[in-house]
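Written below as structure tokens is the structure these notes are about.
The values are calculated or read from the model by the stated rules, or taken from the named source; none is laboratory data. No experiment lies behind these values; they were computed from the predicted model shown. Cβ placement follows ideal geometry from the backbone for every residue including glycine, while neighbour counts extend to all protein chains displayed.
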Amino acid sequence: MSTDPTTEDPAEHRARVLAEFAATINPQKVRVMRAAGLDLIEAERSGAWVEDIDGRRFLDCFTSAGSFNVGRRHPRVVAAAKRAVDTLDHGNFLLVSEQTAALATRLAGIAPGNLDCTMFGCGGGEAIDFALKLARGATGRPRIVSTVNGYHGHTGFALSAGGRAAFREPFEPLMPEFGLVPFGDVDALRAAVDATVAAVLLEPIQGEGGIIVAPDGYLASARQICDDAGALLILDEIQTGMGRTGRWWASEHFDVEPDIMTVAKSLGGSLVAISATMFSEDLREFLIPNPFIHLSTFGGSDVACSVALEVIDVIEDEGLLANATARGAQLHAGLAAIAAAHPDQVADVRGLGLMAGIQYAEDSMGPRMSFHLAQHGVLAVYSGNQPSVMRLMPSLVATEADIDHLLGGLDAALDDLLHGRGLPEETAPVRPRRRPPRGA
């Protein structure tokens, strides 16, 4: 018999949900979140903020790895979703869809360069998978080059391009002909790219890698290296796109146009699952002989495309690119001041717009600072590939007061950490146990 959460004590409600999640989904996730002080159950969600079932209010600075650029449950996006479900459903993926065509046309209008064509999917990994399939199919070449500590998803081709061994090793052997080079190293990239390479896959800013911004000239050099070798340049804008850095696409900061670009996360406006792989018309020629060579039953559904169209309108109508630039400048100035005041605890701050990273002095500070920030009303999570780096990615609707709240919470959390206030023992970093080697 189900329990009515509206009549349940909040503490009992939270304990029950955590127990159910641990028993049926992932017990280690519950342990890790509890250790970081983030074993909360989201309840009311609005704008840049979220409230848990205990009534605690948090400025969301994780935003599901940058999925909530227009905020949580933006009223216009919610209204668009309601209108869509009143008359639409997923649609039949084999038929021509008015909503899908409208969104593809709109994306082409804001995309860099001549990325006029789109293949829709449901998530970022799916978008990367198609990007890599398209690169191999269109060039007739086998090899893919990506970067150490890069992150592109957990599906087949995407995982093979990922730069973290912990994600890859349990599933090896992965797809063949994938190679990794250090991010930002032009000489290593040039040495790796030859006539066998179909594509180079890069993030303009490594998100899971620790908010590592591409060094000056790196993306331009990558563009030239690809052109010289006849390879394609794929930019993964899944975290960096949709206005996160103050422009529609992070590549615009570097004046570089890719051959293929992947988009996901915030395209769905916090309500629907949708991703897009954008590419140039000449690459579409590969699909002409077999238009069904790549399909997604729910990718680019009529409802999801209707919502995504409203997301683009909201970003434009509400000036969220300009707001991301202004609030980003405020955030980075505040982070620089905090770093200067805490030189023994903060090693670096970096990022663009409202995609910021603060690197602590050592790895254990990541989960410990998540705990302390939560005590001051800030929801933030350390990077997956770099636990010493805290990602700070508030929604683009964040106000000046919201950023002040974040900076004040960070300053207070560092003070708590220094003085050992309120830190449970279990916030020591949790390290997954390695499986024994095959055959052991």
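At a glance:
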| item | result |
| --- | --- |
| Flag if ALA324 is surrounded by fewer than 19 Cβ atoms within 10 Å (Cβ to Cβ) and either of a type in the set (S, T, N, Q) or outside any strand (DSSP E or B) (or both) | no |
| Residue match in the stretch 74-91 (condition: assigned to a helix (DSSP H, G or I), at pLDDT below 95, surrounded by 14 or more Cβ atoms within 10 Å (Cβ to Cβ) and not small (Gly, Ala, Ser)) | no |
| The stretch 135-163, subset part of a loop (DSSP other than H, G, I, E, B) and more than 16 Å from the chain's Cα centre (by Cα), residue surrounded by the most Cβ atoms within 10 Å (Cβ to Cβ) | ARG141 |
| Single condition ASP54 does not satisfy, out of (1) within 28 Å of HIS405 (Cβ to Cβ); (2) part of a helix (DSSP H, G or I) | (2) |
| Considering residues of the stretch 291-321 that are among the small types (Gly, Ala, Ser) and in a loop (DSSP other than H, G, I, E, B) only, the residue surrounded by the fewest Cβ atoms within 10 Å (Cβ to Cβ) | GLY319 |
| The stretch 330-351 residues that are within 19 Å of HIS405 (Cβ to Cβ) and surrounded by 18 or more Cβ atoms within 10 Å (Cβ to Cβ), paired with ones that are at pLDDT 95 or above and of a type in the set (Lys, Arg) (beta carbon under 6 Å, 6 or more apart) | none |
| Subset of the stretch 228-256 (residues that are in contact with a strand residue (DSSP E or B) (Cβ under 8 Å, 6 or more places away or on another chain) and farther than 27 Å from ILE274 by Cβ) | ALA229, ALA231 |
| Within the stretch 57-71, tally of residues that are more than 15 Å from the chain's Cα centre (by Cα) and either part of a loop (DSSP other than H, G, I, E, B) or surrounded by 22 or more Cβ atoms within 10 Å (Cβ to Cβ) (or both) | 2 |
| Of all residues making up the stretch 11-45, the number that are of a type outside the set (Lys, Arg), surrounded by 15 or more Cβ atoms within 10 Å (Cβ to Cβ) and closer than 30 Å to ILE403 by Cβ | 10 |
| Hey, ALA250 within 16 Å of the chain's Cα centre (by Cα) and either surrounded by fewer than 22 Cβ atoms within 10 Å (Cβ to Cβ) or at pLDDT below 95 (or both) or not | no |
| From HIS376, HIS405, HIS332, residue being over 30 Å from ASP54 (Cα atoms) and out of contact with any Asp or Glu (no Cβ under 6 Å at 6 or more places or on another chain) | HIS332 |
| Enumeration of residues in the stretch 164-204 that are buried (at least 20 other Cβ atoms within 10 Å of the Cβ), acidic (Asp, Glu) and farther than 18 Å from GLU237 by Cβ | none |
| Positions within the stretch 322-360 being of a type in the set (Val, Ile, Thr) and farther than 14 Å from LEU410 by Cα, in sequence order | THR325 |
